[in-house]
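Peer 1: Can you keep this structure in mind? I'll have questions shortly.
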Amino acid sequence: MFFPGRFIPKRASKLEDNLITFAPPQLLLFFTLGLFAPGGLFEYALYKGYPLVGTVGLIVWLPFLWSFLILIHNAGRVRFWLSTPIMLVGHLLIAFWFARML
């Protein structure tokens, strides 16, 4: 379950097509921030000098992100080796944004 299998591209469902076509960008941004923001907050806790909170949070949250990546890979939407760097860069950008903002 934690390692992706062979990638077989599949057509997106009607719901996915309609969501990408007709959803306002704010809704998609809300989903993305909801997925990446907790990891960024835990990295911010590490940055501010709370090593226990940050370490435990990242140990708990990063497997959720990895499982989500494997889930969309197995659904035939994305090759995991292409999206892993994008996921990590997005995660770090949100962490830097929190560090600058808070």
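Peer 1: Report yes if some residue within the range 19-26 is at pLDDT 80 or above and in a loop (DSSP other than H, G, I, E, B); otherwise report no.
Peer 2: Among the residues of the range 19-26, at least one is at pLDDT 80 or above and in a loop (DSSP other than H, G, I, E, B), which makes the answer yes.
Peer 1: So, one more: If LEU102 satisfies every condition in (1) aliphatic (A, V, I, L, M); (2) in contact with a Phe, Trp or Tyr (Cβ under 8 Å, 6 or more places away or on another chain); (3) at pLDDT 75 or above but one, which is the exception?
Peer 2: Single failed check for LEU102: (3).
Peer 1: Contact list please: Cβ distance under 7 Å, first residue in the range 64-83 and surrounded by 14 or more Cβ atoms within 10 Å (Cβ to Cβ), second residue among the basic types (Lys, Arg), pairs at least six apart or on different chains.
Peer 2: From residues that are surrounded by 14 or more Cβ atoms within 10 Å (Cβ to Cβ), the pairs are HIS73/ARG79.
Peer 1: List the residue pairs whose Cβ atoms are under 7 Å apart, where the first residue sits in the range 1-23 and is surrounded by 11 or more Cβ atoms within 10 Å (Cβ to Cβ), the second is not in a loop (DSSP other than H, G, I, E, B), and the two are 6 or more positions apart or on different chains.
Peer 2: Partner pairs satisfying both residue conditions: PRO4/ILE70; PRO4/HIS73; PRO4/ASN74; PRO4/PHE80; PHE7/HIS73.
Peer 1: Has the range 49-67 got any residue that is out of contact with any helix residue (DSSP H, G or I) (no Cβ under 9 Å at 6 or more places or on another chain), among the hydroxyl-bearing types (Ser, Thr, Tyr) and outside any loop (DSSP other than H, G, I, E, B)?
Peer 2: Yes, that holds for at least one residue.
Peer 1: Here's a check for you: in the range 35-57, which residue that is under 13 Å from the mean Cα position of the chain (by Cα) and over 17 Å from ARG100 (Cβ atoms) is modelled with the lowest pLDDT?
Peer 2: Among those that are under 13 Å from the mean Cα position of the chain (by Cα) and over 17 Å from ARG100 (Cβ atoms), it is LEU35.
Peer 1: Can I ask one more? When PRO51 is evaluated against the numbered criteria (1) loosely packed, with under 15 Cβ neighbours inside 10 Å; (2) touching a residue at least 60 places away in the same chain (Cβ under 8 Å), which criterion, by number, is the only one it fails?
Peer 2: (2)
The values are calculated or read from the model by the stated rules, or taken from the named source; none is laboratory data. Remember, it's a predicted structure, so these values are computed and weren't measured experimentally. Every residue, glycine as well, gets a Cβ built from its backbone with ideal geometry; the counts of neighbours run over all protein chains shown.
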